[in-house]
1. Is the C-alpha gyration tensor of segment 118-158 telling us rounded, prolate or oblate? Criteria: a/c under 1.5 is rounded; beyond that, a/b larger than b/c is prolate, otherwise oblate.
2. Separation between the residue 32 and residue 143 pseudo-spin-labels, each 7 Å from Cα along Cα→Cβ, expressed in nm?
3. For the chain, give the share of DSSP beta bridges that are antiparallel, in percent and rounded to the nearest 5; count only bridges with both residues there.
4. Going by alpha carbons, how many degrees (0 to 90, nearest 10) lie between the helix axis of 140-151 and the longest principal axis of the chain?
5. With r as the distance between the Cβ atoms of residue 150 and residue 79 and R0 = 45 Å, compute the FRET efficiency 1/(1 + (r/R0)^6) and round to 0.05.
6. Candidates (1) 16.7, 51; (2) 16.4, 57; (3) 15.5, 49; which is the computed Rg and Dmax of the Cα atoms in Å?
7. Most mobile of 140, 15, 166 per a Gaussian network model of the chain (Cα springs, under 10 Å)?
8. For helix 44-55, report the angle its Cα long axis makes with the longest principal axis of the Cα atoms of the chain; keep it between 0 and 90° and round to the nearest 10°.
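Please treat every number below as a calculation from the coordinates, not as lab data. Nothing here was measured: the structure is a model prediction, and the numbers come from that model. Every residue, glycine as well, gets a Cβ built from its backbone with ideal geometry; the counts of neighbours run over all protein chains shown.
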């Protein structure tokens, strides 16, 4: 991996532990010489992870839609900030620039990005690693739900395993760097009995 995209909240959350996790992730990305790719915001966990990477001497590439930039939430001190026309272009561009993806705590925008990039991996559109930084157990309820989804027959175990979860940024990045993509089985193919 040469670059990693981080999806995270445009809010800081109610517990300072989330910002601590974002700082640790930003520093670890920079320490490894990886480029941080993210949504270009200066607010919330987005701003925290970007600032931490920059302060640690890292390269940070933001991609932000024009409408959000015009509302003054764009980060003004990045290595590079791309301004695009739509959210769809933003997500496609971040995916193009990134060799892996990490979801940190966040809201529905983070979930939407996480599930879209995961779906693309499941469908074989990319073969890049996906990790969840499980700060303070944030993703524990989602993990239970996903396991239930497997039990109910709506998600294959190999596709469930595509989302690696860890509480430590360094360990998560180690796992992502060692990632070997599973063979993609299209969901529309009938399995032999």
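1. It comes out oblate by the Cα gyration axes.
2. Simple spin-label model gives 1.9 nm for this pair.
3. The antiparallel proportion sits near 5 percent.
4. 30
5. 0.70
6. (2)
7. 15
8. That helix lies at roughly 70 degrees to the long axis.
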